[in-house]
1. Condition test on K291, is it surrounded by 19 or more Cβ atoms within 10 Å (Cβ to Cβ) and of a type in the set (D, E, K, R)?
2. Of all residues in region 257-279, which are of a type outside the set (A, V, I, L, M) and more than 14 Å from R196 (Cα to Cα)?
3. How many residues are at pLDDT below 80 and among the aliphatic types (A, V, I, L, M) if we restrict to region 39-64?
4. Within region 90-103, is there a residue that is without any contact (Cβ under 8 Å) to a residue 24 or more places away in the chain and surrounded by fewer than 16 Cβ atoms within 10 Å (Cβ to Cβ)?
5. Would you check which residues across region 206-230 are farther than 14 Å from I194 by Cα and either among the polar types (S, T, N, Q) or at pLDDT 75 or above (or both) and list them?
6. Quick one: in region 239-261, of everything that is assigned to a loop (DSSP other than H, G, I, E, B) and among the charged types (D, E, K, R), which residue is nearest to A130 (Cα to Cα)?
7. Among the numbered criteria (1) at pLDDT 95 or above; (2) β-branched (V, I, T); (3) closer than 21 Å to A246 by Cα, which single criterion is violated by T159?
8. Please go through region 81-140 and pick out each residue that is under 18 Å from the mean Cα position of the chain (by Cα), hydrophobic (A, V, I, L, M, F, W, C) and under 19 Å from D252 (Cα atoms).
Amino acid sequence: MAGQLWSVNSLGGFYASFNLSKELRMGVQATSKFRQFCDVRDAFGKISRTGQTFTWDTVPMMARASRALTETNTMPQGQHTIIQGTLTMNERGFSVPYTGMLESLAMFSVRQPIMKVLKYDASVDLDCLAWQQFNNTPLRVAATATADSVTLTTNSTATLTVSQQISIANWKSIIDTMKGRNIPYYTERDFYCIARPAGVRNLKNQLESVFQYTTEGLDMLMNGEIGRYNDCRLVEQTTVPAGGAADSTTFDPFTDTADPWNAAAAPDWAFFFGSDTVCEAIETPEEIRAKIPDDYGRSKGVAWYALLGYGITHTNVTQARILKWDSAV
């Protein structure tokens, strides 16, 4: 069987090596952030036995015009449109089998470290799944200099080559673009941004003087949040790797395969968004399951399992709520 074995040191035998420390240490873990910004309120608990597809309706505002009335004319009439979105729920999971011999002879509980790594594996997998939907946004912004306003494209592809880390001027231009598109705040008065630490290092250096005498800018609300500026709160994450420009063919968040942007200044992607970002539909939330022992109790295992799905809420360009700071190469 593939899994944890007593006979192979690196797969279990080390759990009882000579003079073994009684403290079990875990390896490095990335920080997952995207999933906390997904909306599950209208889907959870309502989709059992309703099929694999979850559907929601969006009603855009009607076209604007003057509503002045003439005394002798009838009241004008009109229509509103309905946009329907869908997502598909799928099974997700992974297991780690282990032998009864390993459990009997190991100094540590074999299940404890397995459950820890499986919980983390589930967290990373689902965060990448949520990122996938954030990345489906049709709105991309880019600028070629720190002092420039951003250029917006609406076909899911950036056309400019970004060679600098995002700056205060770029940041302000993105927020102005969001306000100009009437994107609602995520909170009562703030948008959010998710970025990798290295991609916003220069920005954070520039903002230190802004935060020096203000407590409001350092209020923490969400997991991973590090600050607030110009009506937008910044969250750092490291689950999704660096790069993945429009021309990338190797970038893969699920395998942690980075493909940095071509510029040497270490610029990187960032997502800016308001409310109603990604819909999460859950039939079975992620959970740890134990395998029923077989082979007379000699073969055991633990797995994580979930049945769920994610879908970007607004696919229509005029209704889109997510902007990605992106680059062509």
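1. Working: surrounded by 19 or more Cβ atoms within 10 Å (Cβ to Cβ): no; of a type in the set (D, E, K, R): yes.
In short, no.
2. As a first pass, look at region 257-279 and keep what is of a type outside the set (A, V, I, L, M): 257, 259-262, 267-269, 271-277, 279.
Of everything in region 257-279, those that are of a type outside the set (A, V, I, L, M) and more than 14 Å from R196 (Cα to Cα) turn out to be T257, N262, F273, G274, S275, D276, T277, C279.
3. Taking region 39-64 and keeping what is at pLDDT below 80, we get 40-51.
Among the residues that remain, those that are also among the aliphatic types (A, V, I, L, M) are: 40, 43, 47.
Here the count works out to 3.
4. Kept after step one, since they are without any contact (Cβ under 8 Å) to a residue 24 or more places away in the chain, are these residues of region 90-103: none.
No: region 90-103 contains no residue that is without any contact (Cβ under 8 Å) to a residue 24 or more places away in the chain and surrounded by fewer than 16 Cβ atoms within 10 Å (Cβ to Cβ).
5. Hits for region 206-230 are Q206, L207, S209, Q212, T214, T215, N230.
6. If we filter region 239-261 for residues that are assigned to a loop (DSSP other than H, G, I, E, B), which is where we start, we get 239-242, 244-251, 253-256, 258, 260-261.
Next, only the ones that are among the charged types (D, E, K, R) stay: 247, 256.
Numbers: D247: 22, D256: 15 Å.
Result: D256.
7. It is condition (1) that T159 fails.
8. Within region 81-140, A122, V124, L126, C128, L129, A130, W131, F134 qualify.
The values are calculated or read from the model by the stated rules, or taken from the named source; none is laboratory data. Everything quoted here is computed from the prediction, not taken from an experiment. Counting neighbours? That spans all protein chains shown, and the Cβs are built from the backbone with ideal geometry, glycine included.
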